[in-house]
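Everything below concerns the one structure shown next.
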Amino acid sequence: MKNLLTKSLALVFGLGVAATFTACHNGEDAQPTVVTNVSVQETDENGNVVGRTLVITANKTATFTLGSETKSGTNVTFTNAPVKGTVSATAGSTTKKVKFNFGDAKDLAYDVIFESEGTAVTQAAAQAGTTTVSNQGANADETGVTAEMDFSGGVTNADATVTGDYSVTVVTPTEAETSAEELESKKGQTDAIQEPVLSLDCKPDGAKFTAKPVKVKVYVPNSADYELACVNSENDDDAADSFVQKGDSLTIELSHFSLWDIILKATVVNVEKKTIANTFTGSSKDGSLAYTMNYGFDSDNSDAIVAKYLKKVFGINKREIRKRVTFSKVDGTAILNVTQQVKVYTIESGRGDHKKTFTATVYGKADLNLSIETNTPEEVKTHDGGSVRK
């Protein structure tokens, strides 16, 4: 007959648990048999024990620093990351910061884009009325956004101490101002999300245009339905002199150059908590069992402006990760039930009576429950019970 030995594991994305179980036999001399030296542990696909795993990918080779640990490449993994912290990513002269907070999760991943600079025009040429300078080329390809400075009629920098050519580069911010942990508390608060989804790096920093502002035209695909605004990256109270949103085009007037943020205004309408369950089986003779689970997020909206926002807050798009649970070898069948917690955020943005709603499904911690159905000779009558101790 077969016996069911159950090890109920309070594993949260792989928290190691030591388990014991007893096998009670019928008969006058029946004594509980305590099976010791039973350990359960979660590892990566190759059997390596890891802690919280943070993956950072970049479009250019970079140096990534987390605490005292430094790695280089375009795809790096920190296998024992702290619960929260900041990764510094440097490529050439550009450094970007990635803030993270695992919360209950065990796996996080983020993308970093290092943008090429836009083309430039001399101050003298702009003063003489050179028509435009833009980010056309590599920067536009990297960001999916085009930006153009219009100098028609001529513009003059009022601060002679600020020299250098004029240029505009579109930048993708990496640090979320409203974290995933804060979103739930902001539910129902109109426009509580004020998140930079793009930045315009207008150079030289500090150039002033008191007689006539510089006009910057920005084209953001599929942005017409969302409420956007433009503020100084260093001071939210310093708004652009003029901001006009018409369709997918933004027309901005600036009286001084700096890093300017294009922010998305949105409202968290609802946060729904759910669970998804999967079962994995295999021979328990091997002492291990592979399983898969999801991390990251997915959304019902593919607009670039929404994707940029969601990646800042929730990390990378949904990915499947392969892991393995290990235990003492027993002749039988291992049955692993994986229950993963999921949050579905419903978010709304728009202007006036026209609102657009989208959702983000975020995959969180997982609870693992392992059972082993053992093979026992028919003549031996047994009753199995189990307990778990952390």
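The values are calculated or read from the model by the stated rules, or taken from the named source; none is laboratory data. These figures come from a predicted structure and were not determined experimentally. Using ideal geometry, Cβ is built from the backbone for each residue, glycine included, and neighbour counts are taken over all protein chains shown. Areas reflect the complete protein model, heavy atoms only, side chains present, ligands, DNA and RNA absent. Shrake-Rupley method; radii C 1.70, N 1.55, O 1.52, S 1.80 Å.
Among the listed residues 318, 274, 312, 308, which satisfies the condition of being among the basic types (Lys, Arg), surrounded by 17 or more Cβ atoms within 10 Å (Cβ to Cβ) and modelled with pLDDT of 90 or more?
308
Inspect all residues belonging to segment 169-182 and state whether any of them is surrounded by 15 or more Cβ atoms within 10 Å (Cβ to Cβ), at pLDDT 90 or above and of a type in the set (D, E, K, R).
No, segment 169-182 has no match at all.
Assuming residue 96 fulfils every condition listed in (1) more than 19 Å from residue 296 (Cβ to Cβ); (2) touching a residue at least 60 places away in the same chain (Cβ under 8 Å); (3) surrounded by fewer than 16 Cβ atoms within 10 Å (Cβ to Cβ) apart from one, which condition is it?
Result: residue 96 passes all but (3).
For segment 204-214, does any single residue satisfy the condition of being at pLDDT 95 or above, open to solvent by 20 Å² or more (accessible area, probe 1.4 Å) and assigned to a strand (DSSP E or B)?
Yes, segment 204-214 has at least one match.
So residue 129 clears everything in (1) modelled with pLDDT under 95; (2) within 19 Å of the chain's Cα centre (by Cα) except one condition, right? Which one?
If we test residue 129 against (1) modelled with pLDDT under 95; (2) within 19 Å of the chain's Cα centre (by Cα), just (2) comes out false.
Which count do you get for residues in segment 328-360 that are of a type outside the set (Gly, Ala, Ser) and not in a strand (DSSP E or B)?
Counting residues in segment 328-360 that are of a type outside the set (Gly, Ala, Ser) and not in a strand (DSSP E or B) gives 4.
Taking residue 101 and the conditions (1) at pLDDT 90 or above; (2) within 23 Å of residue 261 (Cβ to Cβ); (3) surrounded by fewer than 21 Cβ atoms within 10 Å (Cβ to Cβ), which numbered condition does it fall short on, given that it satisfies the others?
Of everything listed in (1) at pLDDT 90 or above; (2) within 23 Å of residue 261 (Cβ to Cβ); (3) surrounded by fewer than 21 Cβ atoms within 10 Å (Cβ to Cβ), residue 101 misses just condition (1).
If a residue has to be open to solvent by less than 50 Å² (accessible area, probe 1.4 Å) and at pLDDT 90 or above to count, how many in segment 188-203 make the cut?
The qualifying residues number 8.
Taking the condition crowded, with 19+ Cβ neighbours inside 10 Å and either of a type in the set (Ser, Thr, Tyr) or under 24 Å from the mean Cα position of the chain (by Cα) (or both), does residue 233 pass?
No.
In the set 295, 309, 291, which member is part of a strand (DSSP E or B), closer than 30 Å to residue 199 by Cα and not basic (Lys, Arg)?
Residue meeting the stated conditions: 295.
Scan segment 107-144 for residues that are polar (S, T, N, Q) and either without any contact (Cβ under 8 Å) to a residue 12 or more places away in the chain or assigned to a loop (DSSP other than H, G, I, E, B) (or both) and jot them down.
Those that are polar (S, T, N, Q) and either without any contact (Cβ under 8 Å) to a residue 12 or more places away in the chain or assigned to a loop (DSSP other than H, G, I, E, B) (or both): 116, 119, 122, 130, 131, 135, 136.
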